[in-house]
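Asker: This is the structure, below, for whatever I ask next.
Since every read-out is calculated from the coordinates, none of them should be taken as a lab result. Here the structure is a predicted model, which is why all the values come from computation and not from measurement. Here the Cβ is made from the backbone with ideal geometry for all residues, glycine too, and neighbour counts use every protein chain on show.
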Amino acid sequence: MKKISTRAQNIEMSGIRKFFQAAKPDSINMTLGQPDFDTPSHIKNAAIQAIQEGKTGYTFNAGLPELREALSVKFKSENNLSYNPDEIIVTAGAGEALFIAIQSLVDNGDRVLLTDPGFVSYEACVRLAGGISDFIPLKKDLHIDQEALKEKLNGARLLILNSPCNPTGAVESPESIKALVESAMDAGVTVLSDEVYEHIIYDSVHASAGTFGDDVLTVNAASKTYAMTGWRLGCIAGPSEYMEQCLKVHQYCQTCATSISQYAGLAAYTGDQSCVKMMRDEYQARRDILTSGFTEIGVSFPVPQGAFYAFVPLGIDKTKQIMDAGVIVVPGDAFGPSGKEYARFSYATSRENIRAAIELMKPVFEDE
Ligand SMILES: Cc1ncc(COP(=O)(O)O)c(C=O)c1O
């Protein structure tokens with residue numbers, strides 16, 4: 001028997017990959033949370049150029065100065081957030097940003113407020129830091145229950161917000177984000193705001209939590225915005241007292257983000273942004289095909305306003321039946337206990353695949 005730390009034993013592999021890997025070759029796979037677009041060519045070319053120019057060594061731990069400068073400009077112009085370059089750390093994706101923030105802020109026994117359902121990494125990162133996750137079930141419309149959350153704020157260390165949300169596709173209104181952040185600030189609770197889907201948003205507007213309070217950290221990434229999941233490029237920004245600590249954790253686990261990806265990121269953030277709109281428009285068209293397909297088969301659910309997920313209240317039996325019919329989705333309990341009556345459909349797949357999935361599902365819902 002090999003000896004394993006309790007820390008590692010206490011976490012489990014994400015439930016999402018399990019379903020992705022289980023998909024048969026002829027099934028329609030709607031499990032994965034990543035853009036199906038190729039990274040835009042001007043971004044790829046910047047990486048190729050960096051390799052050819054020999055920009056292949058370590059960068060500063062916090063990232064290339066010019067990339068941090070570009071991110072500072074992005075935060076100001078797109079999010080109305082004032083972060084100096086030295087308040088920004090470039091990370092290996094949003095995943096590392098979340099990890100180092102939670103390691104740096106959460107102590108043994110600290111309580112962290114999370115929505116249920118929510119993105120799977122939060123709970124695992126809190127557990128690895130010795131913290132205790134305190135889940136707040138979402139309302140029926142899949143939005144955050146302000147009253148339930150306010151009741152839990154006292155004594156909590158951290159509140160993690162994620163709008164647009166994975167897995168629900170819900171977007172909290174600016175008024176809702178403002179009220180949540182102000183209540184957190186009044187109660188002395190730090191907010192960690194995961195905004196990786198900020199540009200994949202349809203009939204709503206994105207509000208950055210950091211515009212409503214000082215004790216806020218912002219996580220973002222090139223992953224979803226620029227179809228760069230495999231490049232592993234993200235960032236964290238926040239008050240310098242926190243960033244100094246995050247930098248230490250980052251240094252010992254990652255040293256720096258990949259130099260080549262950072263040059264690609266520089267081209268992404270400073271270059272032509274029309275690719276972002278093109279992808280957003282395509283996701284919207286796919287969302288519309290999926291939602292009208294569900295209307296046709298008699299299933300209703302809150303229309304997702306952002307990200308590329310629909311969280312559909314199918315129930316456990318119907319979820320199994322659609323999977324047997326060849327549509328592979330992630331059962332909602334992979335995202336928290338309150339998700340168990342739901343299934344997450346990722347529509348980061350072609351229009352043809354979405355139409356084919358609807359056709360495969362039709363017989364499951366006939367004669368109801
Ligand atoms: C809400 C959310 N945050 C963070 C991440 C991680 O992003 P990255 O690939 O940049 O690590 C994901 C990935 O699916 C996500 O859905």
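Asker: May I ask you to list the GluC sites (Glu not before Pro) in the stretch 293-367 that are in a DSSP loop and have at most 14 other Cβ atoms within 10 Å of their Cβ?
Answerer: In loop regions of the stretch 293-367 (DSSP not H, G, I, E or B), the sparsely surrounded GluC sites (Glu not before Pro) are Glu366.
Asker: Consider just the alpha-carbon atoms of the stretch 16-99 and return their Rg together with their Dmax, both in angstrom.
Answerer: Cα radius of gyration and Dmax of the stretch 16-99 are 17.7, 50 Å respectively.
Asker: Using Cα atoms only, what is the angle between the long axis of helix 41-52 and the major principal axis of the chain, expressed in degrees (0 to 90) to the nearest 10?
Answerer: Once rounded, the angle reads 40 degrees.
Asker: With a ≥ b ≥ c taken as the square roots of the eigenvalues of the C-alpha gyration tensor of the stretch 249-348, please select rounded if a/c is under 1.5 and otherwise prolate if a/b is larger than b/c or oblate if it is not?
Answerer: On the way: a/c = 3.23, a/b = 1.65, b/c = 1.96.
Oblate shape, in that a/c is at least 1.5 and b/c is the bigger or equal ratio.
Asker: So who's got an amide H within less than 5 Å of the one on Ser173, skipping anything under 5 residues away but keeping other chains? H placed 1.01 Å off N, in plane.
Answerer: none
Asker: Scan around Thr91 for amide H atoms under 5 Å from its own, H built in the peptide plane at 1.01 Å from N, and keep only partners 5 or more places away or cross-chain.
Answerer: Correct list: Gly234, Cys235, Ile236.
Asker: Among residues other than Phe335 whose Cβ falls under 10 Å from its Cβ, what is the net charge (Lys/Arg +1, Asp/Glu -1)?
Answerer: Numbers: positive: Lys340, Arg344; negative: Asp116, Glu123, Asp333.
Computed value for this residue: -1.
Asker: Order these by the 10 Å Cβ neighbour count, fewest first: Asp333, Asp324.
Answerer: Ranked by crowding around the Cβ, least crowded first: Asp324, Asp333.
Asker: Relative contact order (percent) for the chain, with alpha-carbon contacts under 8 angstrom and 6 or more residues of separation? Each step should come with its number before you reach the end.
Answerer: Details: 729 pairs, mean separation 90.2, N = 368.
That works out to 25 percent.
Asker: While we're looking at this one, here's another question. When only Cα pairs under 8 Å and 6 or more residues apart are kept, what is the percent relative contact order across the stretch 1-106?
Answerer: 15
Asker: Can you work out the FRET efficiency for the pair Glu244 and Thr56, with r the C-beta to C-beta distance and R0 = 41 Å, to the nearest 0.05?
Answerer: My answer for the efficiency is 0.90.
Asker: How far, in degrees from 0 to 90, does helix 65-79 lean away from the longest principal axis of the Cα atoms of the chain, to the nearest 10?
Answerer: On a 0 to 90 degree scale, this one is about 50.
Asker: In degrees from 0 to 90, rounded to the nearest 10, what is the angle of the helix 240-253 Cα long axis to the longest principal axis of the chain?
Answerer: Helix 240-253 sits at roughly 80 degrees to that axis.
Asker: In addition: Karplus couplings for the stretch 111-117 from phi (6.51 cos²θ - 1.76 cosθ + 1.60, θ = phi - 60°), rounded to Hz, Gly and Pro as x?
Answerer: 9, 10, 8, 10, 7, 10, x
Asker: A follow-up question, please. Are there trypsin sites (Lys or Arg not before Pro) in the stretch 1-41 that DSSP puts in a loop and that have at most 11 other Cβ atoms within 10 Å, and which ones?
Answerer: On the way: sites: Lys2, Lys3, Arg7, Arg17, Lys18; in loops: Lys2, Lys3.
Those that pass, being in a loop and sparsely packed, are Lys2, Lys3.
Asker: Separate question: Treat each spin label as a single point 7 Å out from the Cα along the C-beta direction, and report the Lys139 to Cys253 distance in nm.
Answerer: Here the answer is 3.4 nm between the modelled labels.
Asker: Then there is this: With a 10 Å Cβ neighbour count serving as the proxy for reagent exposure, in which order, fewest first, do Glu87, Glu12 appear?
Answerer: Details: Glu87 23, Glu12 10.
Listed from fewest to most nearby Cβ atoms, that is Glu12, Glu87.
Asker: Here's a follow-up. Under 13 Å from a point placed 7 Å out from the Cα of Ala187 along the Cα-to-Cβ direction: which residues of the stretch 103-119 have their backbone N that close?
Answerer: 111-115, by backbone N distance to the label point.
Asker: Still on this structure: Under 5 Å between amide hydrogens, which residues at least 5 positions from Asn84 or on another chain qualify, with H placed 1.01 Å from N in the peptide plane?
Answerer: none
Asker: Where the only charges are on Cβ atoms (+1 Lys, Arg; -1 Asp, Glu), what is the dipole of the chain about its Cα centre, to the nearest 20 debye?
Answerer: 1040
Asker: For Lys152, give me every one of the aspartates and glutamates with a C-alpha distance below 15 angstrom, ignoring sequence neighbours fewer than eight places off in its own chain.
Answerer: Cross-link targets: Asp110, Asp116, Asp134, Glu182, Asp186.
Asker: Let me ask another. Find which of Ser173, Cys125, Val189 sits farthest along the positive direction of the dipole of the stretch 124-192, computed with +1 on the beta-carbon of Lys and Arg, -1 on that of Asp and Glu, about the Cα centre.
Answerer: Cys125
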